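Take a look at the structure below.
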Amino acid sequence: MEHLSDRIAFKRTDDDLTVYIRATSPKDKKKIRLLQIWLLLWFTAGIIIISQLFFPGYSSDEKLFMVIYLFFWAYFAYRIAYAYYFRKYGTEVIYINNNKFMIRRDIHGKAGKPHHFVAKGKNPFRKVDEKPGSINAAFYNSFWVVTGGCIAFGEKKDEYRFGLQLSDEETDKLIRLLNKTINIKSN
């Protein structure tokens, strides 16, 4: 196993390349701890609201509001829990064989849903170019968001991203490695 950084490792054979990107670096322990505290507080708030459903004195409209609120609470509880577990135990895996590649996000050794692609150009991987200070840049650089990434491929409307919060240096090294590995055969 070779390493590009403390987060990126890869294995190469004659036929393929497998890249492993850890979800966080060792210096992100404080962020993971804050995410854990946020998760605990979020669940506490939900339990308090759920307990209020069983107390008398609320009208049916108020109880309906609490139930609707709990649907939103449950959705974000799931998103926060997923972000916590992915940041703590997650890995992005990229597997390339000739012009075909697969990307998935594994958590705690359990393989995530694989996404299969075929490269349509010689250098399909590129750096994501977000405007600094834009809403997209702020959203994708948020620690609790487990979507997007620093590397993209595909057409703009069908773009797929991976490499969550990689540094510029890590992004450049990984793009060079991935594009070098893609083998497009001419007809």
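The values are calculated or read from the model by the stated rules, or taken from the named source; none is laboratory data. Every value quoted in this text rests on a predicted model; they were computed, and no experiment measured them. No Cβ is skipped: glycine too gets one built from the backbone with ideal geometry, and neighbour counts run over all protein chains shown.
Overview of values
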read-out: Strands (runs of 3 or more DSSP E) within the range 1-101 that include 2 or more residues over 20 Å from the mean Cα position of the chain (by Cα); value: 8-12, 16-22
read-out: Single unsatisfied condition, GLY112 versus (1) at pLDDT below 90; (2) assigned to a loop (DSSP other than H, G, I, E, B); value: (1)
read-out: Single residue of the range 1-44 satisfying the filter (in contact (Cβ under 8 Å) with a residue 60 or more places away in the chain and of a type in the set (Ser, Thr, Tyr)) that is nearest to PHE162 (Cα to Cα); value: TYR20
read-out: Long-range neighbours under 6 Å by Cβ, at least six apart or interchain, first residue at positive phi within the range 125-149, second part of a helix (DSSP H, G or I); value: GLY148/TYR140
read-out: Test for TYR140: is it in the same structural domain as LEU41 (by TED's automatic domain parsing) and within 26 Å of LEU41 (Cα to Cα); value: no
read-out: Count - residues of the range 149-164 that are part of a loop (DSSP other than H, G, I, E, B) and either at pLDDT 90 or above or crowded, with 20+ Cβ neighbours inside 10 Å (or both); value: 3
read-out: Every residue from the range 88-143 that is surrounded by 16 or more Cβ atoms within 10 Å (Cβ to Cβ), over 19 Å from LEU174 (Cα atoms) and of a type in the set (Val, Ile, Thr); value: ILE107
